[in-house]
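The values are calculated or read from the model by the stated rules, or taken from the named source; none is laboratory data. Only a predicted model underlies this, so the values are computations on that prediction, with no experimental measurement involved. Methodologically, a virtual Cβ is constructed for each residue, glycine included, from the backbone with ideal geometry; neighbour enumeration extends over all protein chains shown.
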Amino acid sequence: MDMKHLSRYAWRPYVVAITVVAAAAALRVWPLHSLGVSLAWLTFYPAVMVAALYGGTSAALLGTFLSCLAVLFVLPLFVHQPFIKDSTDWLGLAVFFATCTLISGIAEATRRAQARENQAMAERDRFFTLSLDLLCVAGFDGYFKRLNPIWERVTGWTTEELLSKPFLEFVHPEDREATILEVQNQQRGEAVLSFKNRYQCKDGSYRWLSWKSIPVEEESLMYGTARDITESRKEEEKTERLNAELGRRTAELEVSNKELEAFTYSVSHDLRAPLRHIDGFSKLLMDAHSSELTEEARDYVATIRESTKEMSQLVDDLLNLARIGRRELSLQVTGLKTLVEEVVSNLKARSASRAMEWKVQPLPFVECDPSLMKQVLINLLSNAVKFSRQRELAVIEVGSFQQDNQPVIFVRDNGVGFDMKYVDKLFAVFQRLHRQEDFEGTGIGLAIVHRIIQKHGGRVWAEGELNKGAVFYFTLGSPAKTDSKDSAAGGAYAGQVHEYSSGRG
Amino acid sequence: MPDRFMSILLVEDDAKDVKLTLHALQSEKLCNQIDIARDGEEALDYIFCRGQYAGRSADSPPRLVLLDLKLPKVDGLEVLRAIKSDPRTKPIPVVILTSSKEESDVVAGYQLGANAYIQKPVDFEHFRDVVKRLGLFWLVVNEPPPPKAFQSG
């Protein structure tokens, strides 16, 4: 729409008007000269109509005006007498003027309607061509009538090929029956709101199309729009497969969980009973028949009872470990300082005879399961107490520092420590680094610590040196994403740091 | 002096446990009669005076039932349910005395109306002490349900 086009368009009505009126005047003067002054407007009516047709309203109005001027002032010069003489002639002029104005109006209305329709048509065509969805007009006779270009791109067929055969031939054999049903529904006047079928492409593959279509019964046509959903369908199928797999695995897990539960239940009932009997009858033996036993025999019985107690502790610890695995965390924000002090005062009471120095630094509030956290602290702190009992003054320290934007809690003691080459075994079930007669224990305490920290999504690790002491560190929750691996800032023993991440089974 | 109603029903399937429990109970001379049921069905027969106990008088319910949970035929929780859901036997104190303190058992036990839940300690001295205190509390300290309590409902 440049200026040139506009100006040309703007001048056209006047050129048309002047030309047709001049032609009408010329016709009226020469070939129809014999008519004289009668039928003055004869050629001017068609002239105005032509002007209206080709030049629009403004040309028609100008033509009307020029026609009046010609009849009043120009034509009389050629026939040597006036055309408008009496009132009848003036009436004729008035009728001409009125009629031609009406014609102009009608011409304009018609022209506008036509223009609107053309524009609407062009718009529809533009969208039809542009659409990413597959658009079609199909007949009740089973043939496509019109298709938009995307059909060629999606199916690989040319439009001619698609129009040449009944569309059912392109539909996947398995989907044909359903497709026929949908066409029949449309023949009865029902719209298709959601329907899926597969169309064969030129390369033999099939694409999934999702349809929406409405019939126009009087035209025997169906107007349809289809979307290629092959990709999302593939994703859906994949998701379905994965979900099924997940469901199967969950079921398996549930079964093995149930089995494990039944197992621990049975262990908790049945494994303890024989122990009780061994201990009970050993005791009765000692009570009632002590005098008949030699010193050596009494020592054996005492050993039996000692072992029973150890095994009983083992069963309890194992059950505890199994229960923690099954248990749901109930998280709440907990002050670690209070929790530590509770545990410490308990331990102090139980080892009142020993010289011990407790250093409990301020500790953060963290989100954790308080009863499980208490278990962690009990295990770590009672280990610290146990393994420092050969010291004249046992020093046990609990504190925390920030690392990777999260608090690290540590428990440090000056006890017997451990050799870092065995650090791998520290947190594994039944692994012990000391002889039973030196330090009693079941080898499950740190495994329980590991399990609890793991359930919290944190990690636990340790550093130690033989005969110097040990430090146990733990975090709760996964660390902030940073690559800095600066070794524990509060660590007492530089060098190798062994980590047990939460991913470890 | 214990009166003639001072009887305890011990429901326990394991002969060794029966021996040990009897030993503990008798050493304290807390009651003059300890009846023993070796499975859940026998326990119910005893309490409801039927089957082999058809001749037993319903007017002398045991002063205390010591109930194990893992029992043949009818398990301990079922026995507890039967006792506590019948108005004639509901007032009888039932103490669960069992090997495990599995949370599910403890929860179910209390929900069904157990009067106490005790895990048998492995250490026999400890066990004897527990049984002694148990007997003292339920047979001496505690006021037993009067006969009227068994007629209500």
Out of A:364, A:370, sole residue that is touching a strand residue (DSSP E or B) at 6+ places or on another chain (Cβ under 8 Å), of a type outside the set (Val, Ile, Thr) and more than 21 Å from residue A:412 (Cβ to Cβ): A:370
- request: Could you please find all residues in segment A:126-147 being under 24 Å from residue A:186 (Cβ atoms), of a type outside the set (Ser, Thr, Tyr) and not in a loop (DSSP other than H, G, I, E, B)?
  value: A:127, A:128, A:134, A:135, A:136, A:137, A:138, A:139, A:144, A:145, A:146, A:147
- line: residue A:372 fails exactly one of (1) surrounded by fewer than 22 Cβ atoms within 10 Å (Cβ to Cβ); (2) under 14 Å from residue A:473 (Cβ atoms); (3) touching a residue at least 60 places away in the same chain (Cβ under 8 Å), namely (2)
field: residue A:112 of a type in the set (Lys, Arg), loosely packed, with under 14 Cβ neighbours inside 10 Å and at pLDDT below 90
entry: yes
query: Restricting attention to segment A:184-221, and to residues there that are polar (S, T, N, Q) and over 32 Å from the mean Cα position of the chain (by Cα), which single residue is nearest to residue A:161 (Cα to Cα)?
result: A:220
message: Which residue is farthest from the chain's Cα centre (by Cα), if the candidates are limited to segment A:307-335 and must be in contact (Cβ under 8 Å) with a residue 60 or more places away in the chain and more than 18 Å from residue A:454 (Cβ to Cβ)?
response: A:310
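Residues that are in contact with a His (Cβ under 9 Å, 6 or more places away or on another chain): which strands (runs of 3 or more DSSP E) entirely in segment A:356-467 hold 1 or more of them?
The qualifying strands (runs of 3 or more DSSP E) are A:365-368, A:460-465.
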- line: Selection from segment B:90-132 of residues over 12 Å from the mean Cα position of the chain (by Cα) and of a type in the set (S, T, N, Q) yields B:99, B:100, B:104, B:111, B:119
- prompt: Among the numbered criteria (1) of a type in the set (Phe, Trp, Tyr); (2) more than 10 Å from chain B (Cβ to nearest Cβ); (3) assigned to a helix (DSSP H, G or I), which single criterion is violated by residue A:265?
  reply: (2)
- request: Give the number of residues within segment B:70-87 that are in contact (Cβ under 8 Å) with a residue 40 or more places away in the chain and touching a Ser or Thr at 6+ places or on another chain (Cβ under 9 Å).
  value: 3
message: Just to be sure I understand the filter: pairs with C-beta atoms under 7 Å, separated by 6 or more residues or on different chains, first member in segment A:212-238 and more than 17 Å from residue A:153 (Cβ to Cβ) and without any contact (Cβ under 8 Å) to a residue 12 or more places away in the chain, second member outside any helix (DSSP H, G or I) and of a type in the set (Phe, Trp, Tyr). Which pairs pass?
response: A:216/A:223
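Here's a check for you: in segment A:273-306, which residue that is of a type in the set (Val, Ile, Thr) and part of a helix (DSSP H, G or I) is farthest from the other protein chains (Cβ to nearest Cβ)?
A:303
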task: Could you grab me the full set of residues in segment B:71-118 that are within 13 Å of chain A (Cβ to nearest Cβ) and either among the polar types (S, T, N, Q) or on the phi > 0 side of the Ramachandran plot (or both)?
output: B:98, B:99, B:100, B:104
- request: Identify the residue in segment A:314-332 that is at the interface with chain B (Cβ under 10 Å from one of its Cβ atoms) and within 22 Å of residue B:69 (Cα to Cα) and, among all such residues, is surrounded by the most Cβ atoms within 10 Å (Cβ to Cβ).
  value: A:319
message: Can you name every one of the helices (runs of 4 or more DSSP H) wholly within segment A:1-104 that holds 2 or more residues which are of a type in the set (Val, Ile, Thr) and in contact (Cβ under 8 Å) with a residue 40 or more places away in the chain?
response: A:3-29, A:44-69
query: What number of residues within segment A:225-274 are buried (at least 16 other Cβ atoms within 10 Å of the Cβ), more than 30 Å from residue A:129 (Cβ to Cβ) and at pLDDT 90 or above?
result: 0
- line: Within segment A:333-355, residues closer than 15 Å to residue A:384 by Cβ and either β-branched (Val, Ile, Thr) or in a loop (DSSP other than H, G, I, E, B) (or both) come out as A:340, A:343, A:344, A:351, A:354, A:355
- request: Could you tell me whether any residue of segment B:51-64 is crowded, with 18+ Cβ neighbours inside 10 Å, within 14 Å of chain A (Cβ to nearest Cβ) and modelled with pLDDT under 90?
  value: no
- prompt: If you take the residues in segment B:99-123 that are modelled with pLDDT of 90 or more and of a type in the set (A, V, I, L, M, F, W, C), which one is surrounded by the fewest Cβ atoms within 10 Å (Cβ to Cβ)?
  reply: B:107
